[in-house]
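The structure appears below as structure tokens.
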Amino acid sequence: SPGDATLFAHTDDTAISVNSLCAHEGALYVIASDGLYRYRLGEEAPVRLADLNGIVFSMDDFGKPVPDPETPASPTHLFSRDGALYGFNAEIGCFGAVEIGETAELKDPVIFDWPDVFPTYSAFYFQQAALDGETLYVSADAPDGDQRALYAMDTARGSVEMVEGGQNSGFAVAGPGKLLLLCRDESAPPRLEYFEPVGGARDTVYQFADEA
């Protein structure tokens, strides 16, 4: 329809995968398998802005060496906060403002105190990430491997804490200090819950009738 645009099309010759989308300052910023892109409404196609340093996006690349600590980290996930573009690098566990030159790099990143349960690197491992103020929430495979665990990462201090142990299969920020979780377990149909990571309060807001 008028105004629609195909940003990344899979063809016989190209297959660009998208890892992160972020609305920022009237544009859509995209971390794709071959670089950082920006798209503004009305443009015919996204504009490729920069390369990315050594990011793992698929199981085909899972055996790549751990990125050199001396190489500036590129973002695997993007966020907009207070008028600036920020990034999280899930390979080495760091967060910072995004600088765009020939490559997209994180400026003076905070290094997270990476839990032993996380692999050494791989953006593929993290299912979701969302920013709430100075707290970065990420979901990753739970230690038992059955479901996802939810972690809170302090982007100012670098601390990491598991705040939800594996009932969620998706989440979104619902307001300051509050998340909306899609929860699944074997004993009941899926449900939506408000969850407050500080204090652990939970409130079911919708119960699905059947398995979704």
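Protein-only accessible surface at a 1.4 angstrom probe places the residues Asp34, Asp132 in the order Asp34, Asp132, largest first.
Peptides 150-158, 188-196 ranked from most to least packed by the mean count of surrounding Cβ atoms within 10 Å: 150-158, 188-196.
Computed over protein heavy atoms with a 1.4 angstrom probe, the accessible surface ordering of Lys107, Lys178, largest first, is Lys107, Lys178. Label positions at Ala5 and Ala174, each projected 7 Å from the Cα along the C-beta direction, are separated by 3.4 nm. Taking 0.36 nm per residue of separation and subtracting the Cα-Cα distance, full extension of the segment from Gln127 to Val205 would add 25.8 nm. Accessible surface calculations at 1.4 Å, restricted to protein heavy atoms, place the range 74-113 at 40 Å² per residue.
Local charge sum around Ala174 (other residues, Cβ-Cβ under 12 Å, Lys/Arg +1, Asp/Glu -1)?
On the way: positive: Lys178; negative: Asp132, Glu193, Glu196, Asp203.
Local net charge: -3.
With the simple spin-label model, which puts each label point 7 Å out from Cα in the Cβ direction, the Arg81 to Trp114 separation comes to 2.0 nm. Net charge in the neighbourhood of Leu85 (other residues with Cβ under 11 Å of its Cβ; Lys, Arg +1, Asp, Glu -1) is 0. The residues of the range 162-201 have, on average, 48 Å² of accessible surface per residue, using a 1.4 Å probe with all protein chains present.
Amide H to amide H distances under 5 Å link Ser20 with Ile31, where only residues 5 or more positions off or on other chains count and H is placed in the peptide plane.
The values are calculated or read from the model by the stated rules, or taken from the named source; none is laboratory data. A quick note: this is a predicted structure, and the numbers were derived from the prediction, not measured. All Cβ positions, even for glycine, are placed from backbone atoms using ideal geometry, and neighbour counts span all protein chains on display. The accessibility values were calculated without ligands, DNA or RNA, using every heavy atom of the protein model including side chains. Shrake-Rupley method; radii C 1.70, N 1.55, O 1.52, S 1.80 Å.
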